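Notes follow once the structure below has been shown.
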Amino acid sequence: MPGALITGITGQDGSYLAELLLSKGYEVHGIIRRSSGFNTGRIDHLYKDVHESDVRLKLHYGDLSDGASLRRIISLSAPTEVYNLGAQSHVRVSFDQPEFTADVGGIGTLRLLEAIRDVNPSVRFYQASSSEMFGNASSRAMSEQTPFDPRSPYAAAKVFAYHVTRNYREAYGMFTANGILFNHESPRRGETFVTRKVTHAAARIKAGLQDHLFLGNLEAKRDWGFARDYVEAMYLMLQQREPDDFVIGTGETHSVRELCEIAFGRLGLDYQQYVRIDPRYFRPTEVDFLLADPSKARAKLGWSPRVHFKELIEMMVDADVELSQRELRAGAAVTARR
């Protein structure tokens, strides 16, 4: 049975990737950080009864800032593939926590690669690189040959991780691949990220639970796709004969303003009546435009996105409408008990 280890398994991408790998017969191990509360909501549905003998999803306490824990987990889980999705992944927050962001997202990747090299260098390794590495490098579609121009501590950490991943491939002959993923979203996206922030607010405004939505730069343009499509690309990268780096995106760009129009329009609302601009949500150094050229992934991986932008945003709105209705019912139940 093939085995995979996923850092960041409790996040959006980690949960979809775990689903995919389990469906393909993998034994899946995940690294989670110890905290006072539970943070496994995105993967709870994947668990079978813990008393059954065929449990194929196992979680381990560890941290990308702790090399000893990484070596212990790799030795214990004995994976054939490692997917490094763990990071402080919010670009705006990286300006407030630059050292932590660099340690986990940059040096954490180095710790993980060293642990793999020490324990079993034949393990195949996937690194979650980011379109944010390109910054404002180009006003055209960005490919694997586009130079990096990181504009945030998050992006700078990802550039380091990208290059150290390539270095371990070249220096030690390890199978290491970088997936340079452009923005990818889903109903499981965290509520602090702009797509989910918009769809969640639109649903709550429609339900009468919220009055306004505060945003930053409405003219910023991104290449947005569906997270479930993108984890398939991650998997395909580790099934190739030779390791390589791939840009993953839709090849289309849309503005935050378009995002608002579609999300609020889905509910028969005019976003202009509810959206307010707040300077606190502007980045110290803004990235205005990101657009993928995924032609290499299409040619070599046979990968292409299935879900397009409007469908994606409407899917997220519909999920948040259900969430808002549950919130209303829960509030009514509390009132009735008083």
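The values are calculated or read from the model by the stated rules, or taken from the named source; none is laboratory data. What you see is a predicted model; the values in this text were computed from it and never measured. As a convention, Cβ positions derive from the backbone with ideal geometry for all residues, glycine included, and neighbour counts pool all protein chains shown. The protein model used for the area step is the full one, side chains on, heavy atoms only, and it has no ligands, DNA or RNA in it. Shrake-Rupley method; radii C 1.70, N 1.55, O 1.52, S 1.80 Å.
Observations
- Of the residues Glu314, Glu286, Glu252, the single one that is of a type outside the set (Gly, Ala, Ser) and in contact with a helix residue (DSSP H, G or I) (Cβ under 6 Å, 6 or more places away or on another chain) is Glu314.
- A single member of Ala330, Ala299, Ala319 is out of contact with any helix residue (DSSP H, G or I) (no Cβ under 7 Å at 6 or more places or on another chain) and modelled with pLDDT under 95, and it is Ala330.
- Selection from segment 136-186 of residues that are acidic (Asp, Glu) and under 24 Å from Thr250 (Cα atoms): Glu144, Asp149, Glu185
- Residue list for segment 65-97, restricted to those being in a loop (DSSP other than H, G, I, E, B), at pLDDT 95 or above and hydrophobic (A, V, I, L, M, F, W, C): Ala78, Leu85
- Neighbours by Cβ (under 7 Å, 6+ apart or cross-chain): first from segment 130-158, within 20 Å of Asp103 (Cβ to Cβ); second hydroxyl-bearing (Ser, Thr, Tyr) and assigned to a loop (DSSP other than H, G, I, E, B): Glu132/Ser152; Arg151/Thr285; Ser152/Thr285
- Cβ-Cβ under 7 Å pairs, at least 6 apart or on other chains, segment 267-292 side surrounded by fewer than 14 Cβ atoms within 10 Å (Cβ to Cβ), far side of a type in the set (Lys, Arg): Thr285/Arg151
- In segment 222-277, the residues that are over 28 Å from Leu21 (Cβ atoms) and among the β-branched types (Val, Ile, Thr): Thr253, Val256, Ile262, Val275, Ile277
- Conditions (1) out of contact with any Phe, Trp or Tyr (no Cβ under 7 Å at 6 or more places or on another chain); (2) farther than 23 Å from Leu301 by Cα; (3) of a type in the set (Ser, Thr, Tyr); number of the one not met by Thr195: (1)
- Checked against the criteria, Thr109 does not count as touching a residue at least 24 places away in the same chain (Cβ under 8 Å), closer than 16 Å to Thr285 by Cβ, open to solvent by less than 40 Å² (accessible area, probe 1.4 Å) and not in a loop (DSSP other than H, G, I, E, B).
- Lys58 being surrounded by fewer than 23 Cβ atoms within 10 Å (Cβ to Cβ), modelled with pLDDT under 95, not in a strand (DSSP E or B) and not acidic (Asp, Glu): no
- When residues of segment 112-131 are limited to those that are open to solvent by less than 20 Å² (accessible area, probe 1.4 Å) and not in a helix (DSSP H, G or I), the one nearest to Phe182 (Cα to Cα): Ser130
- Verdict on Val119 being touching an Asp or Glu at 6+ places or on another chain (Cβ under 8 Å) and farther than 18 Å from Asp245 by Cα: no
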